[in-house]
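In what follows, a structure is listed as structure tokens, so that the remarks can point back to it.
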Amino acid sequence: MDILNKRNSGVELSDILLGQKESFLSGNSPCTAQYKAYLDIISCRTSEMGSHTLACDSCGHTKTSYNSCRNRHCPKCQYIKQQVWVEKLRSRLLPVRYFHVVFTVPDFLRPLFYTNQRYGYKLLFEASSAAVKKAALNPAFLGVESGCMAVLHTWGQSLSYHPHIHMLVPAGGLDSDGQEWIVA
């Protein structure tokens, strides 16, 4: 059975990374942080991370649990934090329709961004938000003041360096006097 089709049968990211270890590591050149994340994810909640034993005070039953890696990229460790973060963002959203927009850095600029990450990411945020605002303000389009919510991703699905911004853009905005919501 194909490992990707076993989603509901308990296959985890660590299983996939371990199963494809040779092809992944030989086909890519992960940086130190990516390699550490890779090792943490495949070791998370295994004997490699150590363990602790819990004992029931009443019956004496014991259970050994393996420790987590606590890496911010690990889906096992960050699931609850992710859910809290998503709910926090969801509570800030207006009750309107949204568009999902992605702005990415072209291949030939990625080495420049990698060596100048702080400045490059700042420029990417500024340019993408300015593009959204300029498009919304265009009277031929909507002619409204709009906004966006943006998240930076620096890795692609194959864990290769691929800086891009995911944006939620409301399907509308405020008119010029800020009194009326204009729907796109």
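The values are calculated or read from the model by the stated rules, or taken from the named source; none is laboratory data. Note that the coordinates shown come from a computational prediction; the quantities given were computed from them, not determined experimentally. Cβ atoms come from the backbone with ideal geometry, glycine included; neighbour counts cover every protein chain shown. SASA here: full protein model, heavy atoms, side chains in, ligands and nucleic acids out. Shrake-Rupley method; radii C 1.70, N 1.55, O 1.52, S 1.80 Å.
Figures for the structure shown
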quantity: When residues of region 160-177 are limited to those that are open to solvent by 40 Å² or more (accessible area, probe 1.4 Å) and touching a residue at least 12 places away in the same chain (Cβ under 8 Å), the one nearest to the chain's Cα centre (by Cα); calculated: HIS166
quantity: Residues that are hydrophobic (A, V, I, L, M, F, W, C), in a helix (DSSP H, G or I) and without any contact (Cβ under 8 Å) to a residue 40 or more places away in the chain, drawn from region 118-158; calculated: LEU123, ALA127, ALA130, ALA131, VAL132, ALA135, ALA136, LEU137
quantity: Any hit, region 40-62, residues being within 17 Å of GLN157 (Cβ to Cβ), open to solvent by less than 50 Å² (accessible area, probe 1.4 Å), in contact with a Phe, Trp or Tyr (Cβ under 9 Å, 6 or more places away or on another chain) and assigned to a helix (DSSP H, G or I); calculated: no
quantity: Residues that are among the aliphatic types (A, V, I, L, M), open to solvent by 60 Å² or more (accessible area, probe 1.4 Å) and under 29 Å from ALA127 (Cα atoms), drawn from region 63-103; calculated: VAL84, LEU94, VAL102
quantity: Residues that are surrounded by 13 or more Cβ atoms within 10 Å (Cβ to Cβ), modelled with pLDDT under 95 and among the polar types (S, T, N, Q), drawn from region 118-157; calculated: SER146, THR154
